[in-house]
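Novice: Just dropping this structure here.
Here, each number is a calculation from the coordinates, and none is a lab measurement. Please read these numbers as outputs of a predicted model, since none were measured by experiment. Backbone-built Cβ (ideal geometry, glycine too); neighbour counts: all protein chains shown.
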Amino acid sequence: MRVGVSLRSSYGTEPRTGARWMIERAAAANRAGLDSLFVGDHHSTGPGAYYQNVPVLGRLLAEWGDRTAGALFLLPLWHPVLVAEQIGTLAALAPGRFVMQTAIGGGAPQFGAMGVPLSGRTARFEVALDAVRRLLAGEEVSDADGASGYRFERARVAPVTPEPLEVWIGATAHAGIDRAARLGDAWMAPPEVLASEARELAAHYLERCADHGRPPRAVVVRREMHVGATPEDARAVAEPVIAAGYRGFRPEAFVVGGVEQVADELRALAGAGYTDVLVRQLAADQRDAVESIERLAEVAALVADA
């Protein structure tokens, strides 16, 4: 199993402090030799700071090596030509493989703030994804009817991605997982999925991949996590955050423990069919978060040796 990070982008701190924390966490992931680095996507987030994916990833790549990097794009909220232009530039900056994570997105306030209808987003997503792929393959693309949600004619972008665009699609419902199998190179299970549910969802995805004749590049699960120096240390850091209702997740969805406990949980996910785990830090304190990321090097070594 490959172990990567999906860095938290939202902080209730002074703006430059939150940005510095993201840079420090990316550097810690690099020191730990982790396999991938990703950032998320959200819009109209005030009052707390949310560091937007394209500029912040451009900065974080300076802390990263030649391993996989990428960003989430909630595609119905983006003009396809703009997405393709941003990805082409990021992929040129990244010395390693670039991955576009994507999903249909949700939340009426976010869609309303961007002036995009929530209804019909699934159909628009599919058209937009096809347009982005074709643009980044060097094609001229038009959408005169606005099926993607945006009308444009004879668009081209440069630079294009050095390699064919790799797309990981996030979804929870079976229909969305089927869409990931049909259109994507990988599927991402959301972080709120319990370990008891993860095996069935991965099996469903692999079945749908077989039905569509599209072998997956990866089967990915995201996890909110804290790796402590000891199990007791991990609980002392994580339990207040969880008790405060972190993201509304069920308590069983979190991975909290010492290095060996966390490695055991990741081995179980690997046994359920997952090839990659993307870790987001639970710790509110920056030092705790950085130390947890650094301990992922030990976790990854134990999982690799299993």
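A quick yes/no check of all residues on (1) out of contact with any strand residue (DSSP E or B) (no Cβ under 6 Å at 6 or more places or on another chain); (2) without any contact (Cβ under 8 Å) to a residue 40 or more places away in the chain:
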| residue | (1), (2) |
| --- | --- |
| 5 | no, no |
| 14 | yes, yes |
| 21 | yes, no |
| 58 | yes, yes |
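Novice: Which numbered condition in (1) under 19 Å from the mean Cα position of the chain (by Cα); (2) in a helix (DSSP H, G or I); (3) surrounded by fewer than 18 Cβ atoms within 10 Å (Cβ to Cβ) is the only one that residue 60 fails?
Specialist: Exception for residue 60: condition (3).
Novice: Of all residues in segment 269-298, which are more than 20 Å from the chain's Cα centre (by Cα), within 28 Å of residue 20 (Cα to Cα), part of a helix (DSSP H, G or I) and not basic (Lys, Arg)?
Specialist: 286, 288, 291, 298, listed by residue number.
Novice: Moving on. Going by what's in this entry, would residue 202 be described as closer than 24 Å to residue 8 by Cβ and in contact (Cβ under 8 Å) with a residue 12 or more places away in the chain?
Specialist: No, not satisfied.
Novice: Kindly list the number of the only condition in (1) in a loop (DSSP other than H, G, I, E, B); (2) surrounded by fewer than 21 Cβ atoms within 10 Å (Cβ to Cβ); (3) under 22 Å from the mean Cα position of the chain (by Cα) that fails for residue 182.
Specialist: That leaves (1) as the condition not met.
Novice: Restricting to segment 255-275, count the residues that are surrounded by 21 or more Cβ atoms within 10 Å (Cβ to Cβ) and free of Cβ contacts under 8 Å to residues at least 40 places away in the same chain.
Specialist: Of the residues in that region, 4 qualify.
Results for (1) closer than 27 Å to residue 297 by Cβ; (2) hydrophobic (A, V, I, L, M, F, W, C); (3) not in a strand (DSSP E or B), shown as yes or no for each residue.
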{"residue": "201", "(1), (2), (3)": "no, yes, yes"}
{"residue": "233", "(1), (2), (3)": "yes, no, yes"}
{"residue": "236", "(1), (2), (3)": "yes, yes, yes"}
{"residue": "263", "(1), (2), (3)": "yes, yes, yes"}
{"residue": "267", "(1), (2), (3)": "yes, no, yes"}
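Novice: Something else now. For segment 175-195, how many residues meet the condition of being touching a helix residue (DSSP H, G or I) at 6+ places or on another chain (Cβ under 8 Å) and either free of Cβ contacts under 8 Å to residues at least 60 places away in the same chain or of a type in the set (Gly, Ala, Ser) (or both)?
Specialist: Selection size over segment 175-195: 12.
Novice: Quick test of your reading of the structure: residue 109 fulfils all but one of (1) crowded, with 21+ Cβ neighbours inside 10 Å; (2) not in a loop (DSSP other than H, G, I, E, B). Name the failing condition by number.
Specialist: For residue 109, the exception is condition (1).
Novice: Of the residues in segment 27-42, how many are touching a Phe, Trp or Tyr at 6+ places or on another chain (Cβ under 6 Å) and of a type in the set (A, V, I, L, M)?
Specialist: So the answer is 1.
Novice: Restricting to segment 128-156, name every residue that is surrounded by fewer than 18 Cβ atoms within 10 Å (Cβ to Cβ) and part of a helix (DSSP H, G or I).
Specialist: Passing the criteria: 130, 134.
Novice: Here's another thing I want to ask about it. So residue 229 fits all but one of (1) touching a residue at least 40 places away in the same chain (Cβ under 8 Å); (2) surrounded by fewer than 19 Cβ atoms within 10 Å (Cβ to Cβ); (3) assigned to a helix (DSSP H, G or I); what number is the exception?
Specialist: Evaluating residue 229 over (1) touching a residue at least 40 places away in the same chain (Cβ under 8 Å); (2) surrounded by fewer than 19 Cβ atoms within 10 Å (Cβ to Cβ); (3) assigned to a helix (DSSP H, G or I) leaves (3) as the failure.
Novice: Look through 278, 282 and report the one residue that is more than 20 Å from residue 187 (Cα to Cα) and either in contact with a strand residue (DSSP E or B) (Cβ under 7 Å, 6 or more places away or on another chain) or buried (at least 17 other Cβ atoms within 10 Å of the Cβ) (or both).
Specialist: From the options 278, 282, the qualifying one is 282.
Novice: Related question: If you check residue 244 against the conditions, is it surrounded by fewer than 22 Cβ atoms within 10 Å (Cβ to Cβ) and under 29 Å from residue 100 (Cα atoms)?
Specialist: No.
Novice: Something else now. What are the residues in segment 1-54 that are over 28 Å from residue 273 (Cα atoms), of a type in the set (Ser, Thr, Tyr) and part of a strand (DSSP E or B), if any?
Specialist: 10, 11, 50 - these are the residues of segment 1-54 that are over 28 Å from residue 273 (Cα atoms), of a type in the set (Ser, Thr, Tyr) and part of a strand (DSSP E or B).
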